[in-house]
Each structure stands twice: as C-alpha cells, then as structure tokens.
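**Student:** Take this structure, written in structure tokens, and hold onto it; I'll ask about it next.
The values are calculated or read from the model by the stated rules, or taken from the named source; none is laboratory data. Keep in mind it's a predicted model, so treat the numbers as computed, not measured. Cβ: placed from backbone, ideal geometry, glycine included. Neighbour counts: every protein chain shown.
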C-alpha cells in the first residue's frame, strides 16, 4: 500500500510538471526513449514494469545552431623533387597549426619516389592550405574537394542528449524513492540503458566536433621524370648515360651467366657425350677391323686328268 501511494504521488507530480513544460516552445525533434502504453501517464509504470516517459515534457529550447561543416580534399601534385616537397609541406602545415597524420611512399623505376601525405589542420585555414599546396606544384593532375554539413545531425544529438539526461534524472528519483526490490531493479535496468545511450550520444557529438574543427587533406606527390639539370627538347644526356650503363651491366651479367652455364653444364655434358661416342666408335672399329683381317681359304685347283 505504501508503495502504491508513492507511485501515485510521483505520477501526479510528473503529470503537473509535464503539463507545465509542454506549454514552452521547443526547437528540436522529440524522442520517445522507451515504449509505453497509450493509456499510461508520464512517470508511471506500464504493464512490463518500465517507466513511461514523455520526451515532450522536457524543455528542449536551444539557441541558434552554429554551422558545422566537415572539409575533405584530395590533391595529386607533380613536383620537381618529392622529398623536398614533403619537407616544405610539413613545415607549411605546422605553421598553420596542423600536422601530418599519416605518410607513405614507394620507389619505382629510376629511383623516383612517390609520397602520399594525410594532413590535418584547423578548418578555418583549409583554403589557405589548399592555395599554398597548389603553388608548390609544377602541375595539379587531380583535385577533389568535399564538404559535409552535419549541423542538423549535431542539433538533433543535442536535443536527444537533453531528453536522455532528463529521463535519467527522473529514473534516479524513482529509484531512490521506491521501496520494492522488484521496482528498484526494473528502474535500474532502464536507468542503465539510458546512461549507455547518453554515452553513445556524447561520443558521436564529440566525433562531429573534432571532424568539423579539423579539415583533412590527402596529398599525393609525384616527381617529374623530366626535371633534370640538363634537358634540351626532351633530350637528356644524363638519362642516356644512365641507360647505357644499365644496358652494359645487363650485357656483362648475361655474359658472365652464360660462361657459368658453359663451365658448369655445357662442358661436362659435352665431354660425357664425346666420351660415349668415342668409346662407341672405337668398339665398332675393333669389331669390323677383326672381320677384315680374318684369312680366307684359297680355292682348291681341279686335279689333272
């Protein structure tokens, strides 16, 4: 009986409070965080033992939202020297209060090195950084800029967070005042689930805040193969000399390899085959030579009559 009186009193208090809050304007979508019976009153128990909660009773009026835009860009640049360009870009980004979050490189033909950098910098300096990167390049082969407006999502998350916090506060009040063990456990279960949703909502909000505060630029640096000290209409003596040395080394490698094959494989096999043929010919010669040397019996002359 005492428990029923407490629940009835709390229900009346929540109804009065909810009606007062409904009169205030709201500026964001409302969230009903727990299933409830259509006839259940705010703050009362439904048939499943859960607390019926009316999010409309929470004052969710918020100030004018600040624009939150996530900036992303990809640049493919042709530079004279990729290593030097990497150092210049790193210094430039640090000067803009940013940093290089990731870098990778690989070397291909001719010892040239292609480098990919991932840059993170304050969003308000995004355009300044893009201009500086373009000026560093001999040629911009690819440029992609993408923006994502997450303002509405952030506002919705703020409203959801307020509703969840208000719900958690009411659940805590009910749990403190309930004397029945079963009721305490039921309220605690809903309170625990609500707190998990609060943490998830805060985590998403923090992610959006960080993403909007720091822009991301991915830069690919490709060295210009024709950028050499001596170059006349595409003719590069240094490159030709290098190619000639490479061809010479390949020829020497081929000749040395062929000589090794001849010494290790060809000569032994040739000697073996020659020896077998020599012995075979010698045997044939001995056999047929003996036959020729065998004396033949002279014919007997006829007797005189």
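**Student:** Of all residues in segment 173-196, which are surrounded by fewer than 18 Cβ atoms within 10 Å (Cβ to Cβ), touching a residue at least 12 places away in the same chain (Cβ under 8 Å) and under 30 Å from residue 149 (Cα atoms)?
**Tutor:** 195
**Student:** Within segment 151-169, track down each residue that is out of contact with any helix residue (DSSP H, G or I) (no Cβ under 7 Å at 6 or more places or on another chain), over 30 Å from residue 123 (Cβ atoms) and surrounded by 15 or more Cβ atoms within 10 Å (Cβ to Cβ).
**Tutor:** Scanning segment 151-169 gives a single hit, 166.
**Student:** In addition: Consider residue 221 against the criteria (1) within 54 Å of the chain's Cα centre (by Cα); (2) part of a helix (DSSP H, G or I); (3) at pLDDT 80 or above: it satisfies all of them except one. Which criterion is unmet?
**Tutor:** Residue 221 satisfies every listed condition except (2).
**Student:** Moving to a separate point now. Please go through segment 96-150 and give me each residue that is part of a helix (DSSP H, G or I) and surrounded by fewer than 16 Cβ atoms within 10 Å (Cβ to Cβ), ordered by number.
**Tutor:** Of everything in segment 96-150, those that are part of a helix (DSSP H, G or I) and surrounded by fewer than 16 Cβ atoms within 10 Å (Cβ to Cβ) turn out to be 109, 110, 111, 124, 127, 128, 131, 134, 135.
**Student:** Determine which member of the set 206, 193, 253, 228 is modelled with pLDDT of 80 or more and within 25 Å of residue 111 (Cβ to Cβ).
**Tutor:** None of the others qualify; the one that does is 253.
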